[in-house]
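For reference, the structure is listed below as structure tokens.
The values are calculated or read from the model by the stated rules, or taken from the named source; none is laboratory data. As the structure is a computational prediction, the values presented were derived from the model and not from experiment. So basically every Cβ, Gly included, is an ideal-geometry build from the backbone, and we count neighbours across all protein chains shown.
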Amino acid sequence: MSDLKIAVILGSTRPGRNGKAVADWVLEQAQQRTGATYELIDLLDYPLPHLDESLPPSIGQYANDHTKAWAERIAAYDGFVFVTPEYNHSTSGVLKNAIDYLYGEWNNKAAGFVSYGGLGGARAIEHLRGISAELQIADVRQQLSFSLFSDFENFSVFTPGPQYADQAAVLFDQLESWAAALKPLRAAEPLAA
């Protein structure tokens, strides 16, 4: 087993959310692999208020206990799979807020994206790619996009087709490769903000 640790971050906290089933499926697919250890981070377990740090995250001087706990959790990982809904042509506010809290803890790590929505959530992923670039997160090409119309029964019961397992394997292959390749950068001095 590799020493790579990758977090599957569930980016929705809505009551009745579809994201939990999607994140559980992603984690189930990932746990069959030996290239990394995958763990679920549910943002329900990290109830961060709207960003309430007075200093920019790039300074790395966090004042609040909730920020310090969140930073410690994220710092432990080499890469991430962001599971995001698409709300109003973008990602969820709760995921964007959680990302915005930190800076250095995201740097020189890899990310993959899994989305869901009326059009598969592709626009949410496009916004996350721009955010990732600013945070020095290397995002991989492969992504998974699930449609509420064809991958959910009655828009609420997740029923992914068998083709998605192969697509997920490609995402994990890319993510693990990039996370491993970036390890030397994480061991070096941090890049200037």
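General remarks:
- Where residue 155 falls short, out of the listed (1) touching a Leu at 6+ places or on another chain (Cβ under 6 Å); (2) closer than 26 Å to residue 75 by Cβ: (2)
- Members of segment 72-99 that are assigned to a helix (DSSP H, G or I), among the small types (Gly, Ala, Ser) and surrounded by fewer than 19 Cβ atoms within 10 Å (Cβ to Cβ): 75, 93
- Only helices (runs of 4 or more DSSP H) whose full extent lies in segment 101-193 are considered here, and the ones with at least 2 residues that are modelled with pLDDT of 95 or more, of a type in the set (Gly, Ala, Ser) and farther than 24 Å from residue 31 by Cα are 122-134.
- When residues in segment 91-109 are screened for being under 18 Å from residue 185 (Cα atoms) and either in contact with a strand residue (DSSP E or B) (Cβ under 7 Å, 6 or more places away or on another chain) or without any contact (Cβ under 8 Å) to a residue 24 or more places away in the chain (or both), 2 of them pass.
- In the set (1) under 22 Å from residue 109 (Cα atoms); (2) assigned to a helix (DSSP H, G or I), the condition left unmet by residue 41 is number (2).
- When 43, 51, 27 are screened for being surrounded by 19 or more Cβ atoms within 10 Å (Cβ to Cβ) and either aliphatic (A, V, I, L, M) or in contact (Cβ under 8 Å) with a residue 24 or more places away in the chain (or both), only 43 passes.
- Residue that is farthest from residue 177 (Cα to Cα), among those in segment 1-25 that are in a loop (DSSP other than H, G, I, E, B), in contact with a helix residue (DSSP H, G or I) (Cβ under 8 Å, 6 or more places away or on another chain) and of a type in the set (Gly, Ala, Ser): 12
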